[in-house]
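Heads up, the thing below is written out as structure tokens.
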Amino acid sequence: MEANVTEHRGTPSVIDRYFTRWYKTDLKGKPCEDHCILQHSNRICVITLAESHPIIQKEKKIQSINYQISAGCSRLQNKVSGKSKRGGQFLTELAPLCRITCTDGEEYTIFSCIRGRLLEVNEDILTRSSLLLEKPSTDGYIAVILPKFEESKSVTDGLLSRAEYEEVVSKRAALKPEPC
């Protein structure tokens, strides 16, 4: 007699259920340096590495992650308070969030990709950098940004949908047999 086994196929993850995935490819003209923006229905956006980013694709070992952007600007010093999240650093689309240095000497700058107020950076990845590779969309996120209310609908104008992103990645693969 066979046991009755129930399979949970097709059950969407929390990310797929509550967030819309948006992508920015080839940031600042650097091939394959793709970022993913997870936009929640409440406007909050979570910045992550896209699956096609070289750090994830090549499973690179991370030497360090630095939120110190310049001598006078550290994303770790960001402090927000109150319901309207006052005090958070305001970011433009190309504002650097952090720099990731890999053991092979490669350095990657991760950008905000959208305009908004920085709510938090993920300090856990400073001590557990493997989260970037193991769980890039959840525990390995880079930062959380809140777009201005009046810009919340237009914040994704320069970004690619999941289908558009997959098309870019498949065209890239057709042109280059080896991943970025």
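The values are calculated or read from the model by the stated rules, or taken from the named source; none is laboratory data. Worth saying up front: this structure is predicted, and the values here are computed from it rather than measured. Neighbour counts are summed over all protein chains in view; Cβ atoms, including those assigned to glycine, are modelled from backbone coordinates with ideal geometry. We work out accessible area using only protein heavy atoms, side chains counted, and drop any ligands, DNA or RNA first. Shrake-Rupley method; radii C 1.70, N 1.55, O 1.52, S 1.80 Å.
Considering the range 156-167 alone, what residues qualify as being surrounded by fewer than 17 Cβ atoms within 10 Å (Cβ to Cβ) and either more than 30 Å from residue 64 (Cβ to Cβ) or modelled with pLDDT of 90 or more (or both)? Spell out how you get there, then give the answer.
First, pick out the residues of the range 156-167 that are surrounded by fewer than 17 Cβ atoms within 10 Å (Cβ to Cβ): 157-158, 161-164, 166-167.
Selection gives 157, 161, 162, 163, 164, 166, 167.
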*Scan the range 100-148 residue by residue and report those that are among the basic types (Lys, Arg) and over 13 Å from the mean Cα position of the chain (by Cα).*
115, 117, 128, 148
*Give the residue that is surrounded by the most Cβ atoms within 10 Å (Cβ to Cβ), with candidates limited to residues of the range 104-120 that are on the phi > 0 side of the Ramachandran plot and among the small types (Gly, Ala, Ser).*
116
_Of all residues being surrounded by fewer than 19 Cβ atoms within 10 Å (Cβ to Cβ) and in contact (Cβ under 8 Å) with a residue 60 or more places away in the chain in the range 130-155, which is farthest from residue 37 (Cα to Cα)? Just the residue, please._
130
*Run residue 90 past the list (1) surrounded by fewer than 21 Cβ atoms within 10 Å (Cβ to Cβ); (2) closer than 18 Å to residue 51 by Cα and report the number of the one that doesn't hold.*
(2)
*Tell me, please, whether a residue that is farther than 15 Å from residue 27 by Cβ, open to solvent by less than 20 Å² (accessible area, probe 1.4 Å), of a type in the set (Ser, Thr, Tyr) and out of contact with any Leu (no Cβ under 8 Å at 6 or more places or on another chain) can be found in the range 58-78.*
yes
_Selection count where residues are among the acidic types (Asp, Glu) and open to solvent by 30 Å² or more (accessible area, probe 1.4 Å), scope the range 8-49_ = 2
_So residue 96 ticks every box in (1) closer than 14 Å to residue 142 by Cα; (2) in contact (Cβ under 8 Å) with a residue 40 or more places away in the chain but one. Which box is left unticked?_
(2)
*Within the range 9-84, strands (runs of 3 or more DSSP E) holding 1 or more residues that are touching a Phe, Trp or Tyr at 6+ places or on another chain (Cβ under 9 Å) and of a type in the set (A, V, I, L, M, F, W, C)*: 19-24, 35-40, 45-49
_Top-ranked residue of the range 114-146 - restricted to ones that are among the aliphatic types (A, V, I, L, M) and assigned to a loop (DSSP other than H, G, I, E, B), ranked as farthest from residue 92 (Cα to Cα)_ = 142
*Look at the range 85-113 and say how many of its residues are in a strand (DSSP E or B) and closer than 14 Å to residue 37 by Cβ.*
4
*Out of all the residues in the range 168-180, which are open to solvent by less than 90 Å² (accessible area, probe 1.4 Å) and assigned to a loop (DSSP other than H, G, I, E, B)?*
179, 180
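Results for (1) at pLDDT below 85; (2) over 22 Å from residue 155 (Cβ atoms); (3) hydrophobic (A, V, I, L, M, F, W, C), shown as yes or no for each residue.
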position: 28; (1), (2), (3): no, no, no
position: 51; (1), (2), (3): no, no, no
position: 60; (1), (2), (3): no, yes, no
position: 69; (1), (2), (3): no, no, yes
